[in-house]
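Notes follow once the structure below has been shown.
What follows draws every value from the coordinates through simple rules; no lab data is involved. Please read all numbers here as calculations on a predicted model, not as lab measurements. Quick reminder, even Gly has a Cβ in these numbers, built from the backbone with ideal geometry, and neighbours come from all protein chains shown.
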Amino acid sequence: MTTDTNRDVSTVETDAPPDSRLEEVLDGLRRPDRRISSKYHYDERGSELFERITTLEEYYPTRVERALLEHRMPGWIADLCPATLVELGAGSAEKSRVLLDAMVRSGCGRAYVPVDVSADFLAATAAALREEYPGLVVMPEVADITEPLDLPSELPHPRWIAFLGSTLGNFEPHEATSLLTRVAGRLRSDDHFLLGVDLRPGRVKTVERIEQAYDDAAGVTAEFSLNILRVLNDEFGSDFDPTGFRHRSGYDVEAGRIETFLVSIRDQTVTFPGGHVFDIAEGEAIRSEISSKYDRPTIDGLFTDAGLAVDRWIEDEDGFYALVLGRPTR
């Protein structure tokens with residue numbers, strides 16, 4: 001589950017051929033450590049469940065990140081005056097409005113490029129933003145952020161590329177480095193990259209507190225987690241029985257991340273069209289998401305490998321969350 005947008009409210013509509021998406025799912029289920037990409041959590045129901053999660057008391061990332069944005073972005077934007085904001089995994093662009101308001105007030109904002117995989121959702125977001133910001137050019141881009149980033153060439157500089165919600169945490173380290181490298185390749189010397197990161201346990205932020213954010217008392221997160229099976233059934237014609245699995249998540253201290261699994265509560269067989277059959281034993285787990293937590297050295301290392309450097313770093317006083325502004329080094 002992404003931490004905000006990492007719970008990006010987008011559906012699984014991509015330009016990739018259906019056969020390649022199916023093969024991705026099948027390959028994950030064939031592994032000894034079965035897994036499903038977290039991007040398949042999101043259909044309309046999954047998006048609605050995610051929105052409910054972000055309002056839960058247990059789920060701190062959304063409100064802490066927004067508070068940091070509201071507190072720091074006006075000053076950072078006034079200092080650096082970005083003309084264009086590109087947001088990866090924009091979703092409904094709720095938090096983007098904090099940035100856009102500051103850009104408009106500073107007199108420098110000229111363009112906004114929300115990037116998301118859902119064409120319909122993105123079109124609705126863009127239409128609403130055009131009404132709210134009539135002086136801003138809104139140029140939505142339908143794209144999968146795991147693929148090379150292709151931006152309109154006419155975008156005014158300086159540009160900020162934003163990746164909020166600690167969605168980076170949904171990627172394995174090598175995948176995160178690849179994504180950051182692609183971002184760095186789109187930046188000029190006067191451009192910046194804004195990243196939201198969920199921090200590792202510390203003085204106030206305990207492992208227990210992190211785990212509560214991914215396993216709330218009301219069971220909304222569990223319902224969201226199981227929705228991935230319904231999405232696979234609808235998308236690929238499989239016959240998963242969501243009632244045959246339970247949600248399990250926990251913090252892996254060594255890896256520094258939450259890992260979420262769907263655990264089979266009985267021996268069962270799942271089939272996909274084309275004769276693909278999977279026997280899943282009672283107690284066997286399918287990993288459906290990771291959500292890495294970071295510290296400053298880890299981010300410094302990822303940025304260095306990707307051709308970025310930390311320009312500004314700010315975190316809340318209890319050390320739950322950080323906003324990072326990076327610049328290209330190549």
### Message
I'd like the antiparallel share, as a percent to the nearest 5, of DSSP beta bridges with both residues in the chain.
### Response
65
#### Entry: Linear extension gain, residue 153 paired with residue 70, 0.36 nm per residue minus alpha-carbon span
26.9 nm
#### Entry: Dmax and Rg, reported as Rg then Dmax, of the chain (C-alpha, Å)
19.6, 62
### Query
What angle do you read, to the nearest 10 degrees and between 0 and 90, between the alpha-carbon axis of helix 173-184 and the longest principal axis of the chain?
30
### Query
Between residue 211 and residue 57, what length in nm is gained on full extension when 0.36 nm per residue of separation is reduced by their alpha carbon distance?
54.2 nm
### Query
Going by how many other Cβ atoms sit within 10 Å of their own, how do 39, 205 line up, fewest first?
205, 39
### Message
Using a 10 Å cut-off around each Cβ, can you sort 207, 142, 86 from fewest to most neighbouring Cβ atoms?
### Response
207, 142, 86
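Quick one, what does Rg over Rh come out to for the stretch 140-204 if you take C-alpha atoms and the Kirkwood Rh?
When Rh is taken as the Kirkwood radius, the ratio is 1.02.
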### Summary
Between residue 87 and residues 5 or more places away or on another chain, the pairs with built amide H atoms under 5 Å apart involve 113, 115, 162
### Summary
Label model pair residue 277, residue 119: point-to-point distance (7 angstrom along the Cα→beta-carbon line) in nm is 3.8
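For residue 246 and residue 26, compute 0.36 nm times the residue count separating them, minus their Cα-Cα distance, and round to one decimal in nm.
Length gained between residue 246 and residue 26: 77.1 nm.
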### Query
Helix 44-53 versus the longest principal axis of the chain: what is the Cα-based angle in degrees, 0 to 90, to the nearest 10?
70
### Query
Relative to a virtual label point 7 Å from the Cα of residue 190 in the Cα→beta-carbon direction, which members of the stretch 116-151 show backbone nitrogen distances below 13 Å?
none
### Message
Please arrange 178, 288, 238 by how many other C-beta atoms lie within 10 Å of their C-beta, fewest to most.
### Response
178, 238, 288
#### Entry: Estimated inter-spin distance, residue 79 and residue 105, nm [label 7 Å along Cα→Cβ]
1.7
## Note on the structure
Helix 119-132 sits off the longest principal axis of the Cα atoms of the chain, rounded to the nearest 10 on a 0 to 90 degree scale, by 30
